[in-house]
Structure formats: structure tokens, C-alpha cells
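What follows is calculated from the coordinates using simple rules that are stated; it is not laboratory data. This one's a predicted model, so the numbers in the text were calculated from it and none came from an experiment. Because the Cβ atoms are built from the backbone with ideal geometry, glycine has one as well, and the counts that use them run over all protein chains shown.
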Amino acid sequence: MAISMNCRPMAKGSLRAVVASLLCGLMAEQPMVAAAKVKRAAPVKQIQGDERVLHALNRFTFGPRPGDVAAVRTMGLQRWFEQQLNPTSIDDSALEERLAAFPAMKMQQAELMERYPGPQVLRQIIAKNLPLPTDPLEHAIYADDIAVYEATKAKQEAAKADAASAGKSSTGDLMRLAMTKGDGIQSKAALPANDVAMATPAMAAHEDQLYSGLDAAKIINLPPEQRMQKILAMQPADLLAFRKSLSQSELAAAAEGLAPLQRETLAALQGSERMIGGELLASRMLRDIYSDGNWRR
């Protein structure tokens, strides 16, 4: 009993010694922590002059254009920032002059959809046999888009029918091959590839006959107003054939001298959605390149 009584003070003393050693260790580390807090970061070198202007242009624009650094240096960086925050004070007449070539980009969404119909509008017109617009330019766009839509739909349906027919003919060919294999005879009629090879030249000749009747060069060489009237007077099938017969350079020549709205209409005759997508991309690039109001980028 006496032995156990003597052990308790020893155990308590050992515990106190451990705690004391831990506290001493923590106190020893405090000066190191304090020294770390006192240590300061090295001062950052401030950029000046053209480097500062170049840094601002790289951070707040798509990068400096030729002459931008000199213009901002002359104006002063502070004034340049203020100008960017007040875009109405910026003279963007050079940009607006270039954007005038894209009248559709200034239209409201409802007006844009009405002038350049999408597939849903075309389907409703075809299904309900609705009248086309009376305006000559809009009438040509609608008639051409409907012709292209119907031609595309017919082509898709024909492709499906051909695929189904090819599947059936392949099964029949395998059966005929199995029946004639025992006699050592293989009929050429059993191979559908022969039919395709014979049909291809006929189709090409048909297209040549279709396009050769259109004197594209005469139409392109007409004065702009007469050229546009001649194109708008074409039936949808003739217009489609005329467009397919032109190369990229001839298409560009057909648009020479036309007013912006006429040029846009001619581009829409190749597909309204494609024309709008192209103008969106082109106008965005023009803003990025020529706008002095970098907030618009």
C-alpha cells in the first residue's frame, strides 16, 4: 500500500515534466515565427513609359494595333481609360463605314427573321401554301430558300430510299451468288456497282446540259442594276442552276457594283442562314480590328 502511494507523486511529476518540455519547445519557436512575420516582400518594380501603355493595351484589348501605343502615349493613359468608360465620346466613324456593308446586322431580330426566313418559317409556308412577300428582293429570297429547302429534302429522301434499296439488293445478290456458285458462273448483273458506274456518266451529262443553257458570263457583265433585275427574274430552278455554274471568283464578280442591300440579297440567295452567319463573323472581326472603343470587343 505504501508503495502505491509513493508512485502517484512520481507519475504526476513525470506528466508535469513532459508538459513543461512541450511548452519550452513552443516558446523556443516563437522568435522564429515572429521573425518570419517581420520579413517583408521585395518591392515590385513599377513599369513606366511605353511599357506601361503596352501593358494596358495587352490587358484591356486584343493587343495593340500599329500606332496604338503612340496614340495612347500622346493622349495619356488616364485619359485613355476615361475614354473607354465613355464610349459615346469615341469617334468610330471608320468602323461604322465598314459595317454599312452589312445592313442585316443593324436589323432587329424580328425584322431579320422576317426578311431572311429560317427552316421553320419555310416549312409553314410550304405546308399552308402561304403567299410570298411582294417586295422583289424578299420574294426572290423566299422563293430561292424554298427551292433549296425542297431540293435538299428530296435529296435526303432519295438517299434514304437508295440506302433501303441497296440493303435489299445486297441480300438478293448474296442469294443469287449462292445459287450460281455451284455452276461456277457469276453474273455481272448481280453486282450493283456496275449500275452505279453506268449511271454516273448519264447524271454528269444531264448536269452539263442543264448548266450549258445559262449564259452566266453575259449576266455577270451587265450593269449592276440590270444584272440584279436579271437574277431576280430567274425561276428558282434556273437561279439554283445559275449559282451552281459560277466559280467563287464569278460569284464575287456578280456582286461588284451592287448596293449593300442588293449584295446582301445576292449572298442570301445562296442560303439565308449561311449569309447571316458569315456577316456575324465578319462584323465581329471588323469591330475587333477597327474599333477604338475596346469595351465593344
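Points to keep in mind about this one:
- Zone residues, segment 226-248, relative to Ala158, backbone N less than 20 Å from point 7 Å out along Cα-to-Cβ: 235-246
- In plain terms, the residue of Val53, Val148 with the fewest other Cβ atoms within 10 Å comes first and the most crowded comes last, giving Val148, Val53.
- Chain lengthening between Asn129 and Glu273 when straightened (0.36 nm per residue, less Cα-Cα): 49.6 nm
- Two-site label geometry, Phe62 and Asn221: point separation in nm, points 7 Å out along Cα→Cβ: 4.1 nm
- With the simple model of a label 7 Å out from the Cα in the direction of the Cβ, Val69 to Ala100 spans 3.4 nm.
- A Förster distance of 30 Å, applied to the separation of the beta-carbon atoms of Glu51 and Ala282, puts the FRET efficiency at 0.30.
- Per-residue Cβ neighbour counts within 10 Å put Thr88, Thr152, Thr265 in the sequence Thr88, Thr152, Thr265, beginning with the fewest.
- Given Lys155/Lys244; Lys218/Lys244; Lys153/Lys230; Lys153/Lys218, the pairs whose alpha carbons are separated by over 22 Å: Lys153/Lys230; Lys153/Lys218
- Test item: Cα-centred dipole of segment 240-297, Lys/Arg +1 and Asp/Glu -1 on Cβ, debye: 140 debye
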